[in-house]
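See below for the structure under consideration.
The values are calculated or read from the model by the stated rules, or taken from the named source; none is laboratory data. Just so it is clear, the model here is predicted, and its values are computed rather than measured. Cβ placement follows ideal geometry from the backbone for every residue including glycine, while neighbour counts extend to all protein chains displayed. Quick note on the areas: whole protein, heavy atoms, side chains included, nothing else; ligands and nucleic acids left out. Shrake-Rupley method; radii C 1.70, N 1.55, O 1.52, S 1.80 Å.
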Amino acid sequence: MCGIVGFIGKEQAAPIILEGLAKLEYRGYDSAGVAVYDGESIKVEKAMGRLKVLEEMTHYGSTLPGTIGIGHTRWATHGQPSNINAHPHLNAKGTISVVHNGIIENYLQLKNRLIRHGYEFQSETDTEVVAQMLDYYYSGDPLEDIVKVLHRIEGSFSLGIIFSEQPDAIYAVRKSSPLIVGKSAEGSFIASDVPAILKYTRKVYYLGENEVAKLTCDDVTFYDADGEQIEKEPVEIKWDAEAAEKGGYEHFMLKEIYEEPKAVRETLMPRIKDDRIEIEELKLTDEEIRKIPKIHIVACGSAYHTGVTAKYVFEGMGRIPVDVDIASEFRYRDPLLSEEDLVIVISQSGETADTLEALRIAHKKGCKVLGIINVLGSSISREADMVMYTWAGPEISVATTKAYSAQLAALYLLALKFSYVKGAISDQELAAYIDDLKRLPDQIELLLGGKERIQRFANRYVAAKDVFFIGRGIDYAISLEGSLKLKEISYVHSEAYAAGELKHGTISLIEEGTLVAAVLTQKDLYQKTMSNIVEVKARGAFVLAVTNEGNTEIEKNADYVIYIPETNKYFANSLAIIPLQLFGYYVSVGKGYDVDHPRNLAKSVTVE
Ligand code: G6P
């Protein structure tokens, strides 16, 4: 987590850095800081809390004059959020300043060694070790010193570094945490992510593993881990800058919910050709697909929930065995993989540390890895054997919505492709599924039209203490995501339960007025979940049901019903999740919370 921005050029650095950091607050927002070289020395300002505190403190950067600087927005890992632990960190003389995203795993060992050499530390962070080590090795040649440090630190790190004795350059280093370098007529930039510098340039270089960059006002030069110069080609960013702005919506989350039809359409349509699924990025022949004995899906958070759905789809539609794992579990359980198995990793950011590590484990075991990724050029997209991009565009709100929907769309395409190639579905069935896929974006649009009704319902439940989401099969997978959406942004305790499991303990928590959200999109499981609704009603629950159009008899048992348009059972998640996302959103808005920046969370989790 954490966001980094650096600038060297013809303009004042601090305002550009602060503006860039504002675009990276999704990466962390418990404290922020900026360091600028003012012609004599490095001046640092830090502030606890959201970036706006630092912006106001420095009059939007005007109290920090200078044309070279680095800045940071933090999500605490080592040491609590505080002014001292906020970045940038300095050596004792104040001549070297460092910002860092990631974790230096061997920092304690290095810190103790430096302490033995007489160094004193101000903060509890792992980052300060880098500043002090650079001081220890300081030779007057920053590149040489950085290379020495690079060989001694372990873990994940992207670093931005300035030296007051060489004030004509910013240095940047990257290993397993994202960092990009940008170039424009105004100068040179570093950033953790593209939106931070998109206003200034679309010409971006992606730093590779263990690579170093030297940025001056007019030039950027790249080096490998041994300090040998290397050539890099810039990538042209084609995003619409507007896409990363709120565009009139009150929150990014609502804007992104409204972008779901587009995200799903753009993920699906280029891969549907003449009633066939053609996934160009899938570098597997039909013969190879037929030989895959098992698929392993690995992901975190909401991406994991799309994997849970995909298991039902691949197994139900194609009779293809699928294991789904949370990446942080997968990486430590020595998973049983055979070389013929296919591993699918799903990640919006493409930077999630546990998912990246899962990919590497799969590679060590000889498996091919397919990534379903939203961010172009991200670490996972570069290491995976095949990448199927979700075309959701930049997602800013910490709680994912449109990327989740685009991931589902990508997984449906894969499941259809595999099921067809394996002979589990006929031409006619494939054509019918494709028709349903093509209708999904418009159906999502239709559901968005009903947002006021959900808003009214959410307003009634702003004071809810506990909410239970129940469903069976794919409806259980939908419940997992519906529950996560609510709890992560509204801080209402909420749990998702397989409806049949409720009576093995959890039903004892149901009391008069407890809200139970029941999802019933699966025809063959409808009556079963209906019985569970009756059970919770008998214990006083207030039941919100999400079900298919036409199931009106549900109104006898449920207190409030949201109907979703008809699709086949495998794609129902894409529709049922929309009202649940809106519900979570409006409860959070009703409580007056910072919807896009929920406490303690970050969008891109680059630490394990
Ligand atoms: C964080 C985000 C979630 C996301 C998860 C996985 O926890 O807040 O919204 O689902 O990380 O992220 P990824 O980028 O790998 O999809």
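Based on this model, can you work out whether V324 counts as open to solvent by 30 Å² or more (accessible area, probe 1.4 Å) and either under 24 Å from T606 (Cβ atoms) or part of a strand (DSSP E or B) (or both)? Yes; evaluated as a whole, the condition is true for this residue. Of the residues that make up the range 571-589, is at least one surrounded by 23 or more Cβ atoms within 10 Å (Cβ to Cβ), more than 16 Å from the ligand (Cβ to nearest atom), over 21 Å from D466 (Cα atoms) and of a type in the set (S, T, N, Q)? Looking for residues that are surrounded by 23 or more Cβ atoms within 10 Å (Cβ to Cβ), more than 16 Å from the ligand (Cβ to nearest atom), over 21 Å from D466 (Cα atoms) and of a type in the set (S, T, N, Q), one finds at least one in the range 571-589, hence yes. Pairs are defined by a Cβ separation below 7 Å, a sequence spacing of at least 6 or placement on different chains, a first member in the range 410-421 that is open to solvent by less than 10 Å² (accessible area, probe 1.4 Å), and a second member that is assigned to a helix (DSSP H, G or I) and small (G, A, S); the pairs so defined are L411/A310; A415/A310; A415/G318; F418/G318; S419/G318. Reported count of residues in the range 377-404, each being modelled with pLDDT under 90 and near the ligand (Cβ under 9 Å from one of its atoms), is 1.
Within the range 338-376, being open to solvent by less than 20 Å² (accessible area, probe 1.4 Å), more than 9 Å from the ligand (Cβ to nearest atom) and part of a loop (DSSP other than H, G, I, E, B) holds for D341, C367. Pairing each residue of the range 522-543 that is touching a residue at least 24 places away in the same chain (Cβ under 8 Å) and over 28 Å from F571 (Cα atoms) with any residue that is open to solvent by less than 10 Å² (accessible area, probe 1.4 Å) and assigned to a strand (DSSP E or B), provided the two are 6+ apart or on different chains, yields C-beta distances under 7 Å for A541/V516.
Looking across the range 287-326, the residues that are over 16 Å from S338 (Cα atoms) and away from the ligand (no atom under 16 Å from the Cβ) come down to E287, K311, Y312, V313, F314, E315, G316, M317, G318, R319. For the range 590-602, taking the residues that are assigned to a loop (DSSP other than H, G, I, E, B) and open to solvent by 30 Å² or more (accessible area, probe 1.4 Å), the one that is nearest to the ligand (Cβ to nearest atom) is identified as L601.
Checking each residue in the range 479-506 for being under 22 Å from L254 (Cα atoms), open to solvent by less than 30 Å² (accessible area, probe 1.4 Å) and touching a Ser or Thr at 6+ places or on another chain (Cβ under 7 Å) picks out E481, S483, L486, I489, S490, S494. Residues being of a type in the set (S, T, N, Q), away from the ligand (no atom under 16 Å from the Cβ) and exposed (fewer than 14 other Cβ atoms within 10 Å of the Cβ) are represented in the range 229-238 by at least one member.
Against the numbered list (1) farther than 11 Å from V181 by Cα; (2) modelled with pLDDT under 90, V235 comes up short only at (1).
When each of A32, A76, A14 is tested for being assigned to a loop (DSSP other than H, G, I, E, B), in contact (Cβ under 8 Å) with a residue 40 or more places away in the chain and either in contact with a strand residue (DSSP E or B) (Cβ under 6 Å, 6 or more places away or on another chain) or of a type outside the set (S, T, N, Q) (or both), the lone residue that passes is A76. The single condition among (1) open to solvent by 10 Å² or more (accessible area, probe 1.4 Å); (2) part of a loop (DSSP other than H, G, I, E, B) that S397 does not meet is (1).
Residues in the range 102-124 that are outside any helix (DSSP H, G or I) and polar (S, T, N, Q): N106, Q122, S123. Taking the conditions (1) away from the ligand (no atom under 16 Å from the Cβ); (2) open to solvent by less than 70 Å² (accessible area, probe 1.4 Å); (3) assigned to a helix (DSSP H, G or I) in turn, L284 satisfies each one other than (3). When the test is whether a residue is of a type in the set (A, V, I, L, M), at pLDDT 95 or above and within 16 Å of the ligand (Cβ to nearest atom), L408 passes it. Remark: V369 falls outside the filter, which requires a residue to be of a type in the set (A, V, I, L, M, F, W, C), in contact (Cβ under 8 Å) with a residue 12 or more places away in the chain, out of contact with any strand residue (DSSP E or B) (no Cβ under 7 Å at 6 or more places or on another chain) and not assigned by TED's automatic domain parsing to the domain that holds S156. The set of residues in the range 200-223 being part of a loop (DSSP other than H, G, I, E, B), surrounded by 15 or more Cβ atoms within 10 Å (Cβ to Cβ) and either of a type outside the set (F, W, Y) or at pLDDT 95 or above (or both) consists of T201, R202, L207, G208, N210, T216, C217. Sub-7 Å Cβ pairs linking a first residue in the range 428-451 that is within 19 Å of Q581 (Cβ to Cβ) to a second residue that is open to solvent by 40 Å² or more (accessible area, probe 1.4 Å), at least 6 apart or interchain, are P441/R265; L448/Y258, ordered by first then second residue.
Does A498 satisfy being among the small types (G, A, S), farther than 22 Å from A409 by Cβ, in contact with a Phe, Trp or Tyr (Cβ under 6 Å, 6 or more places away or on another chain) and free of Cβ contacts under 8 Å to residues at least 40 places away in the same chain? So A498 fits the description; yes.
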